[in-house]
Structure formats: structure tokens, C-alpha cells
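For reference, the structure discussed in these notes is given below.
The values are calculated or read from the model by the stated rules, or taken from the named source; none is laboratory data. From a predicted model like this one, the values you see are computed outputs, not experimental measurements. Neighbour counts run over all protein chains shown; Cβ positions are idealised from the backbone, glycine included. Quick note on the areas: whole protein, heavy atoms, side chains included, nothing else; ligands and nucleic acids left out. Shrake-Rupley method; radii C 1.70, N 1.55, O 1.52, S 1.80 Å.
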Amino acid sequence: MKYRVLGRTGFSVSEIGLGGEYLEGKSPELVKSVVSSALSGGVNIIDCFMSEPEVRSNIGDAVRAVRDKVYIQGHLRSIWKDGQYGRTLDIDLVKLFFNDLLKRMKTDYLDIGTVHMVDKTEDYDAIFNGPIIDYALSLKEKGVIRALGISSHNPVLALKAVKTGIIDTILFCINPAYDVLSERVDEPKKVTSDLFDVLETGEGFNDVRQDLYRYCEANDIGITVMKALAGGALLSKETSPFGEALTVPQCLCYVLSRPGVSSVLVGMQSLEQVRCALEYEDLPDAQKDYSSIFLSNKRFSMNGRCMYCNHCLPCSKHINIAQVNKYVDLASGHEAIAILREHYNDLEHKAGECVGCGICETHCPFGVDIIGKMAKAVELFEK
């Protein structure tokens, strides 16, 4: 398992995490076996947004013995009423069900306290201009939550939230289909084969979503990811809007190559699904390559834009070209050059070592001006 730092929290989290949603309704024995198998494979971050009492208790029992080795991402605003999941803006209910989560998880703190589903403007206004955000901040001040996050499917509101300066992490929906949709599309959206025919898209990546990812990385706000597989729709040719089925490794690699992403939380409800998710780390790069979905569909032209796929490698100077390009892209339109320079300086080989041979550009499937990017990196970070 590989680990990444979750933004300013400093938490070293597994890049493959466990999303708990599909454990709801499962037996305590199955929950324990799935969680134990994931943890044995190196997973150390678990998300629990669910308000259903039994799944909270079952996950709590499963992690009790290793609580200090697991990062729990729990949610505020998620409630259980009349036998079903719901969301609330009532501060008394927020407090009631947050305390219920702590009790059922058998812990006196959460590593990440996430304000749940900030998707609508009216919800955003009520949360950030009312008692919920004050309560969340007080929990952080007391150490009941170690970091403050939000979850969202709306890139406009998510970007607005992280720019407040008080958010440490964001749980956001990322997959190739969502990343080309207009930011005006309500999400979560069911992915179907005609998705791009019935919904507005641009000619490539949604710029607001890209700005969100880049802002988070440039400002040390950690991103954890949900819906990386689009509920499984991307795994079938019949439902994939790209006209071809993607594999689980392709979807995971795509997500993990986005700026700012630390961990992709995969929903698992069987030992086979745990095995499938964990085998990602041992696969060759060729089996993770996602570039074909953009190359084969001219509708979503990425010409000239780095996809961070590293097809340009190998480099004779061993420069991590995709990572350098990512830092250059992050610097565009942002003022966090000092933070980016620190990250850039951690690279073993810098852009200044580039000899301009151009071999990388002959390998790049998207026609990126790599030599120009290296020169820009030197200008930004080495002078």
C-alpha cells in the first residue's frame, strides 16, 4: 500500500481507502471480515456517512482494537429518522446524531469531522452562516475532531467552501464522466450510456472542477474521493458514456492522478471486492492506463492538456514529468507559489535538468508542450 499526506492535516493515509456505504445492512460478521481484510492490506482510512445505527456499531466494533491506527472520517448532519437516512440543518439533531456516531464507533474523537453534503446554495448559506459551522469549529478546538471537512457533489460550492480558509479536507465525487460535465449539472447524477447526449458538457475537462482540485493542492487541503466508479456504471460498456468499459484500476488511477487527491474511498462489501481494490498497488502501469477513453472519443478533446498519465516517460534525466506539469498547472492563476515551491523542491529531479531532447513529446498522446512546461517550471520554482 502507498500512502499520501492528507493536506494540512499531516495524516498519512492509504491511497486506497474504505467507503462504508455498502456495509449497511450486512451482518456484524461480514462487516468485521471486510474491515479486517482491508486493514490487513494496508488501508487506514474509513468513511462512515451512514446514519443507520447498526452499521455504525458494526464498524465501531471492527476497528475498536486498532482505533489508533485508523483514520475515521465521520459526518455531521447525517441523521436517522423514521427508519431511514436523512440530512438536517437542525443544530440539535446535528449534535444528537454526531454524539451517537461517537458512541457507536466506541471512540471519543474522530480524525475528520465532515459536514455532510454541502450541495445546495441554501444549505451552504445555512451551514456557513449559522450554528452548524460554529459547532464543528468548537469540536475541532476541543480535539473531538482533529480536522474539519465537508462533503459535496457541487464544484462551485465546494470551491467556495475551501476558500473560506477553515476547511482542512473535502470529500468530493471524482470520475472521468463527472469531470467533463457542466458544473450546472445536479449531482450525484446516475451515469448512463446517453449521459453526454442529454446533459451539457464542455469540450474537455470542466474548468471549475479542475480549479477546485488545483486550489486544494496549492493550499494543502486534502481531497478524499467518492464515486470513483460511478456506482459501477463505468465498468460496463452498456452503461459507460465513453462507449467502452473501464476497469477498476483505470478508474482508481484516473482519480489518484488528479491534483490534491490523497485517497480514493472504495465501497466494499465482500472479501473479493477488497481483494480487487487492493490489487491495484501491484499492477503494472499499462493495466492502469486510462488515456484511451479520451483518445478514442474526439468529443472530449484533451489536446495540449497534460492528463498526468506519465506516458511521456521514461525520461533520460528521471524527471517525474507529470508531477512537474501538475505543479506548473497549479501555479496558474493561484498565489500559493511558496507552498508549491516547497513541494517542487522535494522532487528528486527538477525541470532544470531537462536537456530538451523532445523524446517525451513524441510519446505524449495529448500533444503537450512538455519542453515549454519544463522551462516554465524553472521560471516559477528555480529562479
Problem - Cross-link reach list, lysines versus K32, counting only Cα pairs under 20 Å and skipping chain neighbours closer than eight places - result: K69, K103, K106
Handout entry: segment 252-329 pair-distance distribution - Cα-Cα, 5 Å bins, rounded %
Key = 3, 12, 19, 22, 20, 13, 8, 3, 1
Fill in the blank from the handout: Calculated from DSSP helices alone, with each H run of at least 4 adding -39500 (n - 2.57) and the total divided by the residues of the chain, [θ]222 nm to the nearest 500 comes to -10500 deg cm²/dmol
Problem - Rounded FRET efficiency, nearest 0.05, which uses the C-beta distance separating S182 from E21 and R0 of 30 Å - result: 0.70
Handout entry: Sequence-distant lysines (8 or more away, or on other chains) whose Cα lies within less than 26 Å of K317
Key = K2, K288, K326, K350, K373, K376, K383
Practice task
Over the chain, calculate the relative contact order: mean separation of alpha carbon pairs under 8 Å at least 6 apart, over the residue count, as a percent.
Solution key: 15
Practice task
Could you go through segment 11-24 in sequence order and give the Karplus-derived ³J(HN,Hα) for each residue, using 6.51 cos²θ - 1.76 cosθ + 1.60 with θ = phi - 60°, rounded to whole Hz, and x for Gly and Pro?
Solution key: 5, 8, 9, 5, 5, 10, x, 10, x, x, 3, 7, 7, 5
Practice task
Subtracting the Cα-Cα distance from 0.36 nm times the residue separation, let me have the gained length for K142 to S33 in nm, one decimal.
Solution key: 35.9 nm
Handout entry: Rounded to 5, the percent of DSSP beta bridges in the chain classed as antiparallel
Key = 20
Exercise for the section: Could you please state how large a percent of the accessible area of the chain is carbon and sulfur, counting protein chains only and using a 1.4 Å probe? Expected result: 49
Exercise for the section: Return the Rg/Rh value of the chain, two decimal places, where both radii are evaluated on C-alpha atoms and Rh is the Kirkwood radius. Expected result: 0.96
Problem - Per residue accessible area in Å² of segment 1-122, where ligands, DNA and RNA are left out and the probe is 1.4 Å - result: 43
Handout entry: Placed amide H near E24: partners under 5 Å, 5+ positions off or other chain
Key = none
Exercise for the section: Starting from the Cα of K237, draw a straight line to each of the lysines and keep only those under 16 Å, dropping any in the same chain fewer than 8 residues away. Expected result: K190
Fill in the blank from the handout: Over the Cα atoms of segment 32-144 the radius of gyration and the largest Cα-Cα distance (Dmax), both in Å, equal 14.4, 42
Fill in the blank from the handout: The local net charge around R64, scoring Lys/Arg +1 and Asp/Glu -1 for residues other than R64 whose Cβ lies under 13 Å from its Cβ, equals +4
Handout entry: Accessible surface, per residue, of segment 224-383 when the full set of protein chains is kept, probe 1.4 Å, Å²
Key = 45
Practice task
Note the full-extension length gain between M1 and I166 as 0.36 nm times their separation in residues minus their Cα-Cα distance, in nm to one decimal.
Solution key: 56.4 nm
